[in-house]
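Here the structure comes first, spelled out in structure tokens, and everything after it is commentary.
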Amino acid sequence: MNLKPHASWFPWLLFALMTLHSAIRYTIFNPSFGNSDEPLLFVILVVVLWIERSSVKASLRGMKNGNLISGLALLGAGWALYTAGRLYPVMILEIWGLFCIAAGLVGTLAPTQYQRSSFFIALAGTIIVLIGWVAPELFSSELALAIADSAAKILTATILPVVSNGVTLYFGPYSAEVTKACSGMNSIFSLTALSVLYLRESAQRKPWHLLLLVACVLPVAVLTNLFRVIVLVLATNYIGDGFAQGFFHDATGIFVFLVALATLALIDHLLFHTYRGITQTEQTAHADQQIQHAGHSDRPLARFIAALGRNKGTSDL
């Protein structure tokens with residue numbers, strides 16, 4: 001692979017250094033690392049680029065230029081987002097900018113047949129950021145209130161009297177607060193990313209399939225975390241606050257994420273097989289119509305051939 005004539009490796013080297021610097025800044029030197037899923041977006045960025053590695057390799061070769069208009073537009077948007085994220089600082093803006101910069105490099109340096117990869121990189125970053133950041137910021141308080149109220153009603157109607165006051169639950173001698181994490185928002189990043197990347201690898205899925213599965217991320221995350229809140233309340237009441245707020249608290253967080261992921265996989269399975277069943281039914285009906293049409297059209301010919309056979313048999317006698 002000849003890199004020297006075009007030096008296409010240099011923008012990618014700069015991009016790699018920027019990504020590495022941001023990742024170290026927000027993980028190793030971040031005291032709150034581990035309390036949020038946001039640093040996982042750096043891993044997701046790497047996975048996206050790995051999936052689109054053929055387009056990245058093509059841009060590194062630098063043999064042909066891509067679409068300069070769309071590529072430079074993505075680069076400009078990426079630099080603006082990255083700079084804003086550095087100035088404030090807001091990690092999610094930096095990561096969004098890195099997604100767009102990578103998309104711009106592919107769009108500018110890779111041949112035009114790789115434009116779809118460029119748009120996918122930008123779209124994946126945008127979807128993950130918007131669903132995983134904007135939606136939680138807008139709806140986390142309302143979701144926490146809704147989960148607290150729903151948990152109190154379910155527990156009161158079944159097992160344990162629970163009173164909700166805002167996001168705080170009161171039961172027995174205990175009280176518990178439904179935080180942003182318990183409302184399911186910390187699962188949004190990973191679930192959305194896995195949905196988008198999984199469907200990108202599944203060529204048999206249709207665009208509407210992608211949209212439906214991504215749309216299911218939010219309700220699935222909220223419902224599974226409602227189950228988590230109920231379990232934590234029961235563990236606190238019957239075992240103790242120390243147990244419920246220790247390892248068990250973190251373990252239930254991992255468990256509900258796995259349940260949410262399995263639920264999304266089940267939804268994907270049902271959507272895929274429903275679509276395939278409808279398609280096979282339509283194909284079978286179409287084939288039956290063709291056979292019936294062919295049968296009707298061949299009857300005169302069959303009678304003519306049979307008549308020729310009878311005439312031939314009579315003359316031989």
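The values are calculated or read from the model by the stated rules, or taken from the named source; none is laboratory data. Note that the coordinates shown come from a computational prediction; the quantities given were computed from them, not determined experimentally. As a convention, Cβ positions derive from the backbone with ideal geometry for all residues, glycine included, and neighbour counts pool all protein chains shown.
Per-structure values
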quantity: Val90 being surrounded by fewer than 19 Cβ atoms within 10 Å (Cβ to Cβ) and not small (Gly, Ala, Ser); calculated: yes
quantity: Single residue of the range 265-277 satisfying the filter (at pLDDT below 85 and over 14 Å from Lys206 (Cα atoms)) that is surrounded by the fewest Cβ atoms within 10 Å (Cβ to Cβ); calculated: Gly277
quantity: Helices (runs of 4 or more DSSP H) contained entirely in the range 1-115, each with at least 3 residues that are modelled with pLDDT of 90 or more and β-branched (Val, Ile, Thr); calculated: 91-109
quantity: Test: residue in the range 198-216 that is crowded, with 17+ Cβ neighbours inside 10 Å, modelled with pLDDT of 85 or more and outside the structural domain of Phe42 (by TED's automatic domain parsing); calculated: yes
quantity: Conditions (1) at positive phi; (2) out of contact with any helix residue (DSSP H, G or I) (no Cβ under 8 Å at 6 or more places or on another chain); number of the one not met by Lys57; calculated: (1)
quantity: Residue within the range 252-260 that is assigned to a helix (DSSP H, G or I), within 22 Å of His209 (Cβ to Cβ) and of a type in the set (A, V, I, L, M) present; calculated: yes
